[in-house]
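Everything below concerns the one structure shown next.
Computed from the coordinates by the stated procedures, all read-outs in this text should not be read as laboratory data. Because the structure is a prediction, the values reported are computed rather than measured. Glycine gets a Cβ as well: all are built from the backbone with ideal geometry, and neighbour counts include every protein chain shown.
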Amino acid sequence: TSESNTEMVNMALKGVKDVINEIRSMSRTLVPHTLKDLGLVESILELTEVLRQTQLLQTHFDYSGFEEEQLPENQKLTLFRIAQEQFNNIVKHAEASSISIKLRSDLKGVTLEIQDDGKGFDPANRRKGLGFTNIRNRVELFGGKKELVAQPGKGCSLRIFMPALPVEPAV
């Protein structure tokens, strides 16, 4: 009957709304507190400190010439996630002893470069894992570019560029 169909549709709509609200709630918890509280630079510094203590990796983070307030929050989060992903790649595969991170911004956009002195690899023959795919997808969402330079025995350099985006005014 038409009445029972309407009731079923309403129940389905309520279920969809509940799921949407649950996803929104989960999404909010995925943003690291450090990023919101401390900002991108401090959050990356915290990551490098963990690498230094737990993996005994030398780290050098150069963020001179980086203007954090010029970046929207979603772009900061993406850069943070890219750094996390690449640090994970380095720890799992590179056998590196040091990592160099550079973060720069200007009117054109923001550049993140992460280099390691690990065993390197041949990009043409690398395993097609999720790490670099996730990084590429994140960069492409912002109309950016990913450049990967690696060679066996010569470490790896990942360079990300994202064009400048308008910053939403704080409400």
For the chain, set up a Gaussian network in which alpha carbons nearer than 10 Å are linked by springs, and say which option among 75, 151, 53 fluctuates the most.
-> 53
Cross-link reach list, aspartates and glutamates versus residue 36, counting only Cα pairs under 14 Å and skipping chain neighbours closer than eight places | 46, 68, 69, 73
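Quick one: net charge of residue 111's neighbours, Cβ under 15 Å, K/R +1, D/E -1? Walk me through the numbers before you get to the answer.
Values: positive: 76, 102, 104, 108, 138, 145, 146, 159; negative: 62, 67, 68, 106, 113, 147.
After counting each charged neighbour, the total is +2.
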In Å, the Kirkwood hydrodynamic radius from C-alpha pairs for the range 34-171 sits at 15.3
Give the long-range amide H neighbours of residue 110: residues separated by 5 or more places, or on another chain, with amide H under 5 Å away, using H modelled in the peptide plane at 1.01 Å from N.
-> 162, 164
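Compute the Rg to Rh ratio over the range 40-79 from the alpha carbon atoms, using the Kirkwood formula for Rh, and round to two decimal places. It would help to have the intermediate numbers written out before the result.
Values: Rg = 11.7 Å, Rh = 11.3 Å.
Value, to two decimals: 1.04.
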Computed magnitude of the charge dipole of the chain (debye, nearest 20; Cβ of K, R +1, Cβ of D, E -1) = 640
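What pairs from 14/76; 108/154; 92/145 go past 28 Å between their alpha carbons?
The pairs that break the limit, which is 28 Å between Cα atoms, are 14/76; 108/154.
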Among DSSP beta bridges whose residues both lie in the chain, state the antiparallel percentage, nearest 5.
-> 80
Among 137, 125, 88, which one shows the biggest mean-square fluctuation in a GNM of the chain, springs joining Cα atoms closer than 10 Å?
-> 125
Relative to the first principal axis of the alpha-carbon coordinates of the chain, what is the inclination of helix 130-141, with its axis defined by its Cα atoms, in degrees from 0 to 90 and to the nearest 10?
-> 70
